[in-house]
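For reference, the structure discussed in these notes is given below.
The values are calculated or read from the model by the stated rules, or taken from the named source; none is laboratory data. Treat the numbers as computed from the prediction; the structure is a model and nothing was measured. Here the Cβ positions follow ideal geometry from the backbone for every residue, glycine too, while neighbour counts run over all protein chains shown. Note: areas computed on protein heavy atoms with side chains; ligands, DNA, RNA excluded. Shrake-Rupley method; radii C 1.70, N 1.55, O 1.52, S 1.80 Å.
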Amino acid sequence: MGRYVARRLLQMIPVFIGVTLLVFLMMYALPGDPVRALYGDQAIDQAQIAAIKADLGLDLPLWQQYLNYLFGLPRGDFGTQIATGLPVGEVIARALPITARLALLAFLITVVIGVAMGMIAGLKAGRWPDTIVLFVTLLFISVPVFVLGYIYQYVFSNTLGWTSPLVNDSEDLGELLMPAFVLASLSLAYVARLTRSSIAENRRADYMRTAIAKGLPQRRVLSVHLLRNSMIPVVTFLGVDIGTLMAGAVVTEGIFNINGIGSELFTALFRREGSTVVGLVTLIVIIYLAVSLLVDLLYAVLDPRIRYA
Amino acid sequence: MRGAKSAKWVASAIVVALAATACGGNDSGNDNGKGEVDPNGVFRLTNSEPQGNLQPANSRDTASGQVIKGLFSQLVDYTKDGSAEIVYVNAESVETEDNKTWTVKLKKGWKFHDGEEVTSKSYVDAWNWAANTENNQKNSYWFADIKGYKDVHPDKGKPKAKEMSGLKIVDDHTFTIELNEPVTYFNYKLAYSAWSPLPSKFYDDPEAYGDKPVGNGPYKFVSWERKKKITLERFDDYKGPDKAENGGVELVVYNTLENQYQAVYSEKADVVTMVPPRDLPKYRQDFGDRAIDAPMSGVQQIVPVFYNKQWKLGDKKNAELRKGLSMAIDRKTITDKVLHGSRVPATGFVGPNVLGFQEGVLGEVAEYNPEKAKKTIEDAGGVPGNKIHIQYNADGGHKEWVEAVCNNIRQNTGVECIPDAKVDFQTDLNTRDADKVKSMYRGAWVLDYPVNVNFMRELYETGADSNTGRFSSKKVDELFKKGDSAKDLDGTVKAYQEAEKQLVEEMPAIPLWYYATNAAHSKKVKNVEFDLANFLLMHKVKVMN
C-alpha cells in the first residue's frame, strides 16, 4: 500500500513538468501582447512597453522564460502578473479558498441530496417516487448551467427576494448557497441516477437475500450491505466530479460574481497572463491527480477484495 | 456574533424609523428623491478590480482611473459643457507668455491626506519620477512635451538623467515648465490624472504606496480589499472647488457589466457607469428617471489600412470610394435600433464637447444616401476586388453593429462586405499593430484632453504610434504643423479645424458615431453626473437617508 502510494506520487513529477511546458508553449502561441494591450485603443509608447517587458523578463527567448519559471518554483515564486503587478502565488492563494468553499458546499449538496434521491428511487424502482426522481434529474441534466443560473437569480432573488443575486462576501455561506446549488445540479442528477441503478440492481443480489434471511434489522441491511456495495460507481463519479468543481466553474462564478479559480483563469487567459494560466492549470491538474489517487484508495475500503500491492 | 447580529437589526430598524419620519416631516427642497440628503452618507459605486496598483501615472484602465480621480486633484480642470474653460483647482494660476515656458503658481495651504503640504516639489519630483522609463509608468509619455524628457525617457537604453531640465522650482509655491516646442493647449493636458502630485513618502516605497495611496484630492484612501472593494472617505480639510457632497464612496468589485447592472437593479449598489449591451433595450424601462444618458467625447469609426492595395494614399478617386461607403451607412437607424440609442451619429472626426468641435463637418458624406453612395463608388471605378472586410474584436459587443453596417454596404452599393471577427481585443490589437488587417478595422478614440488636436494628431499624423491605418498626407501634416506653431490656442484650434476639413477630402477613416454615457442609479442617490470620458463625478453625488 505504502509503495503503491509512493509510486503514484512520484508519477506526478513528470506529469507536472509536462503540463507546465505544454501550457507555457500554448500561451506563447496565442496571438496578442499582454503589455501592449495595457494601452488599449489609446496612445501607446513603444519605449515604455519595451522597458516593462524587459523588467518582467518577457523579452527573453521562450526556453529561458520557461527555465526561469521552473527555477522560481522551488523558491515559491510563481511569477508576477503583468496587469496587476501582483505575485501569482498571492492571486492563487486568494482565489483557492473561495473556490474550495464553493466546491465543498456543492459537493455536500451533491452527495446528500443525490444519494438520498437515488436511494429512494432505487428502492421504489418503477413506482411514482422513481418516476419523479427520473423526471427531475432529466431536467437538471438537459438545462444548461447558465440558464439555470439566471432562472435561480430571477426566481429566488429578484422575485422572491430570499437571497442576494450576487455574491459580495465569499465567506458568507448563505450567499454561496444558491451558486452552490446551481453548480451541484448537474452532478446531483448524475449521482442520483447512478445510485438508483446501482441500488436497484444490488437489491436483488444473493448477499441481500442472505442478510434479510439472517434476520438483520432493515436499517443495517440497507446502510451496510446494500449502500456500501452500491457506492463504487458513485464514488468513481464523485472523484472526477470534485476535481471538476475545484477546477473552477467559470460559468457559475461569472454569473454570481465569485472571484475564484474559474474567474481568475478566465481573466488570465483573456489578458494573456502566461504565468498565471500555467500556475492555475498546473494546480488544477495536481488536484485531479490527488483526488483520483484518493478515489483509488477508497475502492479498497469499500470493497475489501480490492488490494494494492 | 448573535449579539452583533441582533444589534444590526435594531440599528436598521432605527434607520428605517428615522427615514420614515424624515419623509413625513420634511417637504422642502428635494424634487426627485425621497427623504433628505445626508451630507455624510456613503454610496456604493460598481467597479471592476483595478489593473495594477494605484500610482496615478500608472493608471490606464477605467477601474483604477475612477479611484485615482477621487484621491487626487490636478492643477487645473475644465468645464465639461463644450466651452472647455480652464478651472483652477490646486493651481492659483498657470500662465505663459510664449506657450513655451509655463509658470505654475500653487494655492497655499493645500495638504496631502497625511498632512504634508502640497508644494512645487510635490509636483516636480512626481513628474520626474513618472517620466523615467525605469519606473515603468504606463502614462510616462504624457510628459513628452517637457524639455529634457528624452534624457529620462530615451527611445532605447537607460535614462541619462533623473530630472527633466525643463522643470524648475522657483519657490515653495511657484515652478516653471519649459517645453521643447510651444504647445498652446498645454494647460489643458495638465487636467489629466497622470500629472498628480505625490507626497515625499511615496519615494520610500512606490510599490507599497500603490496599495495604500495618499493624495491631495477630495477623498482619502481608507482600505482596499482586493477583488472586493475599495473604500474612500471624504477628506474634510479639502480646499478645492470640488469638495465632496457625500461622506464617502465604496467602489465595489463586480466582475462583469451584467453583474454591475444587476447589483444596482437590486439596490445592492448605487451607481452603474455603463449599461451592458444586454440590458440596453430595457434599462430606461427598468430605471425610469434614474436612467442616465449623458454626452461623452469619443468617436467610433472604421479605419481603412493603407498598406492594403485596395486603399491608396493621395488618390482622389480612391478617397471617393470611402465617401461612397460612408454614405451607404444608415447611422441613424443603426444607432437607434441596433445600439438602442446608446450612440449618436457622427458628423466629423472630432468628438463633441471639445474645443474646435465642428458639427456637421462631414456634410453629406455622413448622410445616408444609398443612390448617391452607389453612384459615387461606380464613378470612382468601384472598390478594387469589390469586397471589403471589417475587422473587430468579438468580445466587445461590436458584432451586431458591424453586421448591420456590412448589410448596409452590401445592399446599397453591391460591394461585398465581410465582418472579420477576431477572438478578443488582444488578437485584434495584435493584428493591427503588425499591419495584418485585411482591409478595414473598427477603431475608437476617447478624449485625453478637450482640444480637437487630441482626436487628430495621434491618429492621422504620419508615423504616429496610434496611426495603425498608416495614413499619411502631406497636406494634413502641414496643417498640423501650422496649428502646432500657431501663436495662441485659437490659432491652433483653427488650423486643426482646417485639417479636419482636409481629412474629409482624404477620408483616413469613416466616422460612425459618438460615444455616450449610459448609466443608472439606485433610489438612494441623486445628482449623478459624468465627465466626458464616462467617469462618475463622485464628489457631486448626493446620498439620501
Skipping prolines and chain starts, which residues have an amide H placed within reach, meaning under 5 Å, of the one on A:Thr80, given they are 5 or more residues away or on another chain? A:Val88
In whole percent, and with a 1.4 Å probe on the protein chains, what portion of the accessible area of segment B:152-270 is carbon and sulfur? 47
Once the Cα atoms of helix B:474-484 and of chain B are each reduced to a long axis, what angle between those two axes, in degrees from 0 to 90 to the nearest 10, is obtained? 30
Quick one: with all protein chains in place, what share of the accessible area of segment B:298-514 is carbon or sulfur, to the nearest percent (1.4 Å probe)? 50
Based on Cα positions only, what radius of gyration and what Dmax would you give for the protein assembly as shown, in angstroms? 31.2, 109
With springs connecting C-alpha atoms under 10 Å apart, model chain A as a Gaussian network and identify which of A:Met231, A:Met246, A:Met208 has the largest mean-square fluctuation. A:Met208
Sequence gap of 8 or more, or different chains, plus Cα separation below 22 Å: how many lysine pairs satisfy both in segment B:345-467? 12
List the lysines whose Cα lies under 21 Å from the Cα of A:Lys124, skipping any in the same chain that are fewer than 8 positions away. none
For A:Tyr288, solvent-accessible area (1.4 Å; no DNA, RNA or ligand), Å²: 90
Go through A:Arg209, A:Arg305 and list them by solvent-accessible area, largest first, probe radius 1.4 Å. A:Arg305, A:Arg209
Starting from 0 in steps of 5 Å, tell me what percent of the Cα-Cα pairs of segment A:1-87 lands in each bin. 3, 11, 16, 22, 16, 11, 8, 5, 4, 3, 1, 1, 0
Neighbours of B:Ala194 by Cβ distance under 13 Å: Lys/Arg at +1, Asp/Glu at -1, summed charge +1
Ignoring ligands, DNA and RNA, how do B:Arg442, B:Arg290, A:Arg204, A:Arg127 rank by accessible area with a 1.4 Å probe, largest first? A:Arg204, A:Arg127, B:Arg290, B:Arg442
Between chains A and B, what is the buried accessible area summed over both chains (1.4 Å probe, protein heavy atoms, nearest 100 Å²)? 3900
Long-range HN-HN contacts of B:Glu92 with modeled amide H, under 5 Å: B:Lys105, B:Leu106, B:Lys107
Rounded to the nearest 10 Å², what accessible area does B:Asp125 have for a 1.4 Å probe in the complete protein model? 50
In degrees between 0 and 90, to the nearest 10, how far off the longest principal axis of chain A does helix A:274-302 point, with axes built from Cα atoms? 20
Counting only other chains, and only Cβ atoms inside 10 Å, what mean value do you get across the residues of A:29-42? 6
DSSP bridge pairs, the protein assembly as shown: antiparallel proportion in percent, nearest 5: 75
Going Cα to Cα from B:Lys494, which lysines come in below 22 Å? Please leave out same-chain ones fewer than 8 positions away. B:Lys80, B:Lys100, B:Lys189, B:Lys474, B:Lys475, B:Lys481, B:Lys482
Output ³J(HN,Hα) for segment A:105-117: one whole-Hz value per residue in order, computed from phi by the Karplus curve 6.51 cos²θ - 1.76 cosθ + 1.60 with θ = phi - 60°, and x for Gly and Pro. 4, 5, 5, 4, 4, 4, 5, 5, 6, x, 5, 4, 4
Sequence order, segment A:9-18: Karplus ³J(HN,Hα) from phi using 6.51 cos²θ - 1.76 cosθ + 1.60, θ = phi - 60°, Hz rounded, Gly and Pro as x, gives 5, 5, 4, 5, 5, x, 4, 4, 5, x
Which percent of the accessible area of chain A is formed by carbon and sulfur heavy atoms (probe 1.4 angstrom)? 69
Considering chain A as a Gaussian network with a 10 Å cut-off on Cα pairs, which listed residue, A:Ile242, A:Ile287, A:Ile17, attains the greatest mean-square fluctuation? A:Ile17
Please determine, in degrees from 0 to 90 and to the nearest 10, the orientation of helix A:173-202 with respect to the longest principal axis defined by the Cα atoms of chain A, where the helix direction is its Cα long axis. 40
5 Å is the cut-off here: which amide hydrogens, built 1.01 Å from N in the peptide plane, fall below it relative to B:Glu529, excluding neighbours closer than 5 in sequence? B:Leu537
What Kirkwood radius, in Å to one decimal, follows from the Cα pairs of chain A? 22.4
Taking springs between alpha-carbon atoms closer than 10 angstrom, which of A:Tyr190, A:Tyr28, A:Tyr207 fluctuates most in the Gaussian network model of chain A? A:Tyr207
With all protein chains present and a 1.4 Å probe, how do B:Met274, A:Met12, A:Met26 order by accessible area, largest first? A:Met26, B:Met274, A:Met12
List the residues of segment B:447-469 that lose 50 Å² or more of accessible area once all protein chains are present, compared with their chain alone (1.4 Å probe, heavy atoms only, no ligands or nucleic acids). B:Asp465
List the lysines whose Cα sits under 19 Å from the Cα of B:Lys220, skipping any in the same chain fewer than 8 residues away. B:Lys69, B:Lys111, B:Lys201, B:Lys212, B:Lys228, B:Lys229, B:Lys239, B:Lys243, B:Lys540, B:Lys542
In deg cm²/dmol, rounded to the nearest 500, the helical mean residue ellipticity at 222 nm of the protein assembly as shown, built from -39500 (n - 2.57) for every DSSP H run of length 4 or more, is -13500 deg cm²/dmol
Taking every DSSP beta bridge with both residues inside chain B, roughly what % is antiparallel (nearest 5)? 75
Please report the antiparallel percentage of DSSP beta bridges with both residues in segment B:298-514, rounded to the nearest 5. 55
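Using the scaling law 2.2 N^0.38 Å as the reference, what is the normalised Cα Rg of chain B?
The value comes to 1.04.
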Considering only protein heavy atoms, what per residue accessible area in square angstrom results for the protein assembly as shown with a 1.4 angstrom probe? 44
Please work out the Cα center distance from segment B:417-493 to segment B:55-117, rounded to the nearest Å. 27
Please turn the phi angles of segment B:360-373 into ³J(HN,Hα) values with the Karplus equation 6.51 cos²θ - 1.76 cosθ + 1.60 (θ = phi - 60°), one per residue in order, whole Hz, x for glycine and proline. x, 5, 6, x, 5, 5, 9, 9, 6, 8, x, 5, 5, 4
Between segment B:231-254 and segment B:315-393, what is the separation of their alpha carbon centroids in Å? 43
Selected from B:Val437, B:Met456, B:Asn180, residue furthest toward positive end of dipole (chain B; charges at beta carbon): B:Val437
On the full set of protein chains, 1.4 Å probe, figure out the accessible area of A:Leu289 and give it in Å² to the nearest 10. 50
So what's the gap between the Cα centers of segment B:132-177 and segment A:107-150, to the nearest angstrom? 67
Provide the packing ranking of A:132-143, B:531-542, i.e. peptides ordered by the mean count of other C-beta atoms within 10 Å per residue, highest first. B:531-542, A:132-143
Summarise the long-distance tail of P(r) for segment B:298-514 by giving the % of C-alpha pairs beyond 25 Å. 34
Buried by partner chains in segment B:47-62 (accessible area down by at least 40 Å² vs chain alone, 1.4 Å probe, heavy atoms, protein only) are B:Gln51, B:Arg60
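So for chain B, averaging the separation of alpha carbon pairs under 8 Å that are six or more residues apart and normalising by length, what relative contact order in percent results?
Result for chain B is 19 percent.
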Averaging 1/r across every pair of distinct alpha carbons in segment B:69-112 and inverting yields a Kirkwood hydrodynamic radius, in angstrom, of 11.8
